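In what follows, a structure is listed as structure tokens, so that the remarks can point back to it.
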Amino acid sequence: MTNKPKLKLATTSLAGCFGCHMSFLDMDERLVELLEQIEFDRSPFTDIKQLGPCDIGLIEGGVCNAENVHVLRTFREHCRILVAVGACAINGGVPAMRNHYSLQECLEEVYLNSPDTVNPHIPNDPELPLLLDKVYPVHEVVKIDYFLPGCPPTGDAFYSLLKDLIGGREPQVEKGRLRYD
Amino acid sequence: MTTEPEPKLICIDGQEIPFQHGQTIMDAALAAGIYIPHLCHFPGITPQGNCKLCTVEVNGKPLTACTSPAADGQQIRNNTTELNEARKALTQMLFMEGNHICPSCEKTGNCPLQAMAYHLGMLHGRFPAQYPLRQVDASHPTIMLDRDRCILCSLCVRASREVDGKNVFAIAGRGIHASLIVNTSSGKLADSDIEPSDLAAKICPVGAILIKEHGYDAPIGRRIFDQHKISEIGLEKEIVARVKSDDQ
Ligand code: SF4
Ligand code: FES
């Protein structure tokens, strides 16, 4: 074992379903090996809330509200390498299907008109982050260094991305393994 | 004394291949087993040169292989880094100009557009996503038309006219305002004479025209592009044959 300092890895889920994070865990026992070379910073896996300086940031999910914008910019500021992970981060994915409708139409459909609504009203608690007019891919908000497609990317895809980055190589997605679903 | 006519040859990426009078560069390449990426070409249907994916350099000039006649001695560059990068950019534009949400599309795994993007190594959309607002036509009992995914290749238009002997579809408008329309006074598919067994109902290279109630029939692993690469020659017929058009 070398004494090389471990790389710091942060992850977050914006407008996503946590499927990418679940798939990350599909690396199974290889996580043990990876943890010899990386350590987590802010991530749903650690519950660390404050982001420190990091080597790698993985972004799941597109950008649907003001808080997503804030988190994404914070990741960009703190991470040397930022990777858009999964269909939603890359092109908005399933949440972007709301882009067909105005925000008003979406809110009315969900909170006022849907048949099983009890006490219909549109939530307006000041704590709630404001929704954006549309769901955006992350690369339209900050510069992204690498992209890992898939819905979700497989555990193998995460593993090869991280091995490449740990080894100081440009991550390569083998063409035969490319999947958008 | 008669002499055998010299065989006419074109040269693609250094490989000489024969062609017959009247063949396009695409026809000759496919016959010789050489893949030139294409989305709007279908064997036997009049080519129209819409998608530009088949752009090759002929004696240094970019031309669409599907519409350019083969001519003796042409020096053609096809599988080059530059051309494939340009093809990738075109494919990225096709993705960004429509609403292509692969994980929620019934065509996923059987989709030539998606397979083309895999072939060209597309990792992201590169251009600003347009998220256009387009009409869905679910009026027909067995055929669905979701214009969100239409890439305006016009294969359905041509297949309906040339093969089905009907005239169900047309492209209206120009440039970014172009859209696929149905040739009925209501504009609805239900009022047309399209049938699920028509080539026009099966030929769509994206998930814009779909046979209803057959989405996700083939599980992951058994879909066309789980088993094939788009660069395999002659796949078009197989793709169409695999579209289920009745209850099997
Ligand atoms: S509906 Fe399909 S076949 Fe018809 S023009 Fe659009 S992409 Fe082409
Ligand atoms: S296949 Fe030639 S332009 Fe589309």
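Points worth noting:
- Nearby aspartates and glutamates by direct alpha-carbon distance to B:Lys61 (threshold 17 angstrom, same-chain neighbours under 8 apart not counted): B:Asp13, B:Asp72, B:Glu82, B:Glu85
- Percent of C-alpha pairs per 5 Å bin, chain A, short to long: 1, 8, 15, 19, 19, 14, 9, 6, 4, 3, 1, 0, 0
- Over 21 Å between alpha carbons, listed pairs A:Lys4/A:Lys143; B:Lys188/B:Lys212; B:Lys166/B:Lys202; A:Lys8/A:Lys49; A:Lys6/A:Lys143: A:Lys4/A:Lys143; A:Lys6/A:Lys143
- Chains B and A, summed buried accessible surface - 1.4 Å probe, Å², nearest 100: 2100
- Cα principal axis extents for chain B, largest first, Å: 65, 44, 39
- The DSSP beta bridges internal to chain A are antiparallel in roughly 20% of cases.
- Relative contact order for the stretch B:101-241: 31 percent, from Cα pairs under 8 Å spaced at least 6 residues apart, divided by residue count.
- Cα-based Kirkwood hydrodynamic radius, the stretch A:97-136, one decimal, Å: 11.2
- Cubic angstrom per residue, convex hull over Cα atoms of the stretch B:142-194: 85
- For the protein assembly as shown, the fraction of C-alpha pairs farther apart than 42 angstrom is 24 percent.
- Most positive-pole-ward Cα, A:Leu162, A:Val142, A:Asn119, against dipole of the stretch A:26-181 from beta carbon charges: A:Val142
- With every protein chain in place, the stretch B:73-215: carbon and sulfur % of accessible area (1.4 Å): 51
- The residue list A:Gly16, A:Leu35, B:Cys66 was ranked by how far each Cα lies along the charge dipole of the protein assembly as shown toward its positive end, using unit charges on Cβ atoms, and B:Cys66 comes out on top.
- Dipole axis of the protein assembly as shown (+1 Lys, Arg; -1 Asp, Glu on Cβ), positive-most option in B:Gln20, B:Phe42, B:Ser154: B:Gln20
- Within 10 Å of the Cβ of each residue in B:125-136, the mean number of Cβ atoms contributed by other protein chains is 4.
- J(HN,Hα) series, the stretch A:22-34, from Karplus relation 6.51 cos²θ - 1.76 cosθ + 1.60, nearest Hz, glycine and proline x: 4, 5, 3, 5, 5, 5, 6, 5, 5, 4, 4, 4, 4
- Relative contact order (%) - criterion: Cα under 8 Å, at least six apart; region: the stretch A:92-176: 25
- Cβ-Cβ FRET estimate between A:Met97 and A:Arg177, R0 fixed at 25 Å, reported to 0.05: 0.40
- Using a probe of 1.4 Å on the protein chains alone, the accessible area found for A:Glu33 is around 70 Å².
- Helix runs (DSSP H) in chain B reaching 20 Å along axis by Cα, Kyte-Doolittle at least -1.0: B:81-97
- Relative to the longest principal axis of the Cα atoms of chain A, the long axis of helix A:155-166 makes an angle of roughly 60 degrees.
- Hydrodynamic radius by Kirkwood, which averages 1/r over all alpha carbon pairs of the stretch B:168-248, in angstrom: 14.7
- The gain in end-to-end length when the A:Asp164 to A:Asn119 segment is fully stretched comes to 11.0 nm, 0.36 nm per residue minus the alpha carbon separation.
- Take A:Leu82: with every protein chain present and a 1.4 Å probe, its accessible area is about 0 Å².
- Relative contact order for chain B, counting Cα pairs under 8 Å that sit 6 or more residues apart, in percent: 18
- Rolling a 1.4 angstrom probe over the protein heavy atoms with all chains in place gives the stretch B:9-79 an accessible area of 45 Å² per residue.
- Against the main long axis of the alpha-carbon atoms of chain A, helix A:66-78 sits at an angle near 20°.
- Using the Cβ-Cβ distance between B:Lys237 and A:Glu127 with R0 set to 45 Å, the FRET efficiency from 1/(1 + (r/R0)^6) comes to roughly 0.20.
- Shielding of A:143-154 by partner chains, average beta-carbon count, 10 Å: 2
The values are calculated or read from the model by the stated rules, or taken from the named source; none is laboratory data. Fair warning: this is a prediction, and the values are worked out from it, not measured in the lab. As a convention, Cβ positions derive from the backbone with ideal geometry for all residues, glycine included, and neighbour counts pool all protein chains shown. Calculation scope for accessible area: heavy atoms of the full protein, side chains included, ligands and nucleic acids excluded. Shrake-Rupley method; radii C 1.70, N 1.55, O 1.52, S 1.80 Å.
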